[in-house]
Amino acid sequence: MHLFLVGAGPVGLVTAVGFARLGHHVTVSDIDTARVATLAGGRSPIFEPGLEEALRAQTAAGRMDFTVEPTPPAGAAFSIVCVGTPTDASGPLSTAQVESVVASLLASAPPEHVVAVRSTLPVEGPDRLARLVADRRAAGPCPTVVTNPEFMREGAGLRDFDVPSRVVTGWLFPEDREAAKAVADLYEPLNAPTLVADARSVALIKLASNVFLATKIAFANELALICDAAGADVDLVTAGVGMDDRIGKAFLSAGPGIGGSCLPEQTVALPLLSSRLGVPTPLIDAVSRSNVSHQQAVVGRLGALLGEPLGGARIALLGLAFKAGTDDVRESPALAIARELRVAGATIAGFDPQAAVTARRADPSLDVARDALEAARGAAAVVIATEWPEFRSLDWTAMRAAMRGDLVYDTRNVVDRAAVLRAGLRLEILGRRV
Ligand code: UDX
């Protein structure tokens, strides 16, 4: 089938490749002409493992093409909307971009066309889309709009598309249930658990899933602080806790905090919803506060370990992306830690294997080194903030020689402990006993 994919961001490009690999022809549309040119040139505008090769292969096979046209090509049966729902002046999960694209599709696509909104929506988002459809339907037959949120992780997007934990689609009006099922059927070859429901419930499935994942991470992070103070080891604790299959091992790895374009924003959006609805949700309300508090506690711990004032100290910050496997720095704990350190008077030299450009764009005052050794030059301490595999095999003897101080503070438990200690460095690992 011919699909029209609107929004060439991380979700849109992975979704487009995923459907092309299922045999569909996917036309990808974006308003960013430079981004479309990059894609047409066989390059990926974002770092996502395997994406650039897959884009090239599907384009060469004639199953993908790229355009700035906002109108679906003739014969495209479905449009899949993957534009952003960022935080703006109206608050988290703004639907302005989604509504603009849906309104354009309602005006330009034929009545038999189906629009699937894959962007993350606030719970009241489907009502806004329903109003657009109702207004357009008053003027005559128009495309059907349904929702289809994704559950893909950055850095694992292609895998999460091919092996989805579930396929969920939502209808705005009960009479559109068949259209929602038709969108779910696009994923049929993936043999995933499928749920078709009203779009408000579907929006809440997405938000609740992410806030629950954030709750697990925040819980592990608070356990790490308890372990540091109590002399326990958070990896042993979470391994034991995760052995209970009612809890599970995933998303219990303590780190410097929760980042990315999704979880932080949604831990703010859900409490705002409950507040608007006038229902008490003290646990849900606490997750974003816990995340902010944790990142401050990590900087406080560094200050306590440093043995000298942070003011005037040079700190090497290894890892700037919000997690390994991506160049995305949105809500990155590493950048939050850099800001906190600068407030304390420290100077930062950052390094990241993939996110140097995106980090400089997000924080122009950040000094980004070419490699870890350059970042370590003259540093009182080295802080590991992202779990890049490269940081498992650093030359700590050379790092030691470059540093002024001797502290390595690993918030991701990724370094080769023996190598760090052999180099005569002091090693502290968040929540873990060295
Ligand atoms: C998330 C959801 O996982 C995904 O299902 C949804 O579709 C989009 O949002 P993503 O934003 O890519 O995916 O990031 P994720 O892998 O969830 O990690 C979020 C943050 O939590 C990162 O900063 C990561 O480092 C951190 N994290 C994750 C931990 O600190 N510990 C963990 O155990 C897992």
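Among the candidates Thr120, Thr67, Thr95, Thr87, the residue that is among the polar types (S, T, N, Q), within 16 Å of the ligand (Cβ to nearest atom) and either open to solvent by less than 20 Å² (accessible area, probe 1.4 Å) or out of contact with any helix residue (DSSP H, G or I) (no Cβ under 6 Å at 6 or more places or on another chain) (or both) is uniquely Thr120.
For region 10-25, a residue qualifies if it is within 14 Å of the ligand (Cβ to nearest atom) and farther than 17 Å from Thr326 by Cα, and exactly one does: Gly18.
Checked against the criteria, Leu272 counts as open to solvent by 20 Å² or more (accessible area, probe 1.4 Å), within 20 Å of Pro86 (Cα to Cα), more than 10 Å from the ligand (Cβ to nearest atom) and assigned to a helix (DSSP H, G or I).
Remark: Ala199 matches the filter, which requires a residue to be small (Gly, Ala, Ser), surrounded by 13 or more Cβ atoms within 10 Å (Cβ to Cβ), over 26 Å from Val299 (Cα atoms) and in contact (Cβ under 8 Å) with a residue 24 or more places away in the chain. For region 391-400, indicate whether the set of residues that are open to solvent by less than 10 Å² (accessible area, probe 1.4 Å), in a helix (DSSP H, G or I) and without any contact (Cβ under 8 Å) to a residue 40 or more places away in the chain is non-empty. Yes - at least one qualifying residue is present in region 391-400. Within region 254-268, if we keep just the residues that are open to solvent by less than 10 Å² (accessible area, probe 1.4 Å) and either outside any loop (DSSP other than H, G, I, E, B) or free of Cβ contacts under 8 Å to residues at least 24 places away in the same chain (or both), the residue that is farthest from the ligand (Cβ to nearest atom) turns out to be Thr267.
Considering region 143-185, the residues that are basic (Lys, Arg) and within 21 Å of the chain's Cα centre (by Cα) include one that is nearest to Arg200 (Cα to Cα), namely Arg166. Total residues in region 14-54 satisfying the condition of being under 19 Å from Ala156 (Cβ atoms) and in contact with a strand residue (DSSP E or B) (Cβ under 7 Å, 6 or more places away or on another chain): the figure is 4. Going through (1) within 28 Å of Val237 (Cα to Cα); (2) more than 8 Å from the ligand (Cβ to nearest atom); (3) open to solvent by 10 Å² or more (accessible area, probe 1.4 Å); (4) in contact with a helix residue (DSSP H, G or I) (Cβ under 9 Å, 6 or more places away or on another chain) one by one, Ala250 falls short only on (2). With the structure loaded, tell me whether Val145 is away from the ligand (no atom under 12 Å from the Cβ), surrounded by 22 or more Cβ atoms within 10 Å (Cβ to Cβ) and of a type in the set (A, V, I, L, M, F, W, C) or whether it fails that test. Yes. Considering only residues that are within 16 Å of the ligand (Cβ to nearest atom) and not aliphatic (A, V, I, L, M), which ones fall in region 275-288? Result: Ser288, single match.
Do we find a residue being part of a helix (DSSP H, G or I) and either of a type in the set (A, V, I, L, M, F, W, C) or not assigned by TED's automatic domain parsing to the domain that holds Val268 (or both) anywhere in region 138-154? Within region 138-154, not a single residue is part of a helix (DSSP H, G or I) and either of a type in the set (A, V, I, L, M, F, W, C) or not assigned by TED's automatic domain parsing to the domain that holds Val268 (or both). Of all residues in region 118-156, those satisfying the criterion of being under 28 Å from Ala324 (Cα atoms) and not small (Gly, Ala, Ser) are Arg118, Thr120, Leu121, Pro122, Asn148, Pro149, Glu150, Phe151, Met152, Arg153, Glu154. Of all residues in region 279-322, those satisfying the criterion of being in contact with a Pro (Cβ under 9 Å, 6 or more places away or on another chain), open to solvent by 20 Å² or more (accessible area, probe 1.4 Å) and part of a loop (DSSP other than H, G, I, E, B) are Thr281, Phe322. Among the residues of this structure, Ala418 does not count as one that is surrounded by 15 or more Cβ atoms within 10 Å (Cβ to Cβ) and of a type in the set (Gly, Ala, Ser). Here are some residues: Ala338, Ala362. Which one is within 16 Å of the ligand (Cβ to nearest atom), surrounded by 20 or more Cβ atoms within 10 Å (Cβ to Cβ) and within 23 Å of Phe47 (Cα to Cα)? Every option except Ala338 fails the conditions.
Considering only residues in region 304-322 that are at positive phi and in contact (Cβ under 8 Å) with a residue 40 or more places away in the chain, the one that is farthest from the ligand (Cβ to nearest atom) turns out to be Gly307. Among all positions in region 187-209, there is at least one residue which is away from the ligand (no atom under 16 Å from the Cβ), closer than 22 Å to His24 by Cβ and either in a helix (DSSP H, G or I) or basic (Lys, Arg) (or both). If Glu53 satisfies all but one of (1) in contact (Cβ under 8 Å) with a residue 12 or more places away in the chain; (2) open to solvent by 30 Å² or more (accessible area, probe 1.4 Å); (3) farther than 23 Å from Asn148 by Cα, what's the number of the condition it fails? Condition (1) is where Glu53 drops out. For Arg137, state whether it is within 28 Å of Ser261 (Cβ to Cβ), modelled with pLDDT of 95 or more and among the basic types (Lys, Arg). So Arg137 fails the test.
The values are calculated or read from the model by the stated rules, or taken from the named source; none is laboratory data. These numbers come from a predicted model, not from an experiment. As a convention, Cβ positions derive from the backbone with ideal geometry for all residues, glycine included, and neighbour counts pool all protein chains shown. Just so you know, the surface numbers come from the protein's heavy atoms only, side chains and all, with ligands and any DNA or RNA stripped out. Shrake-Rupley method; radii C 1.70, N 1.55, O 1.52, S 1.80 Å.
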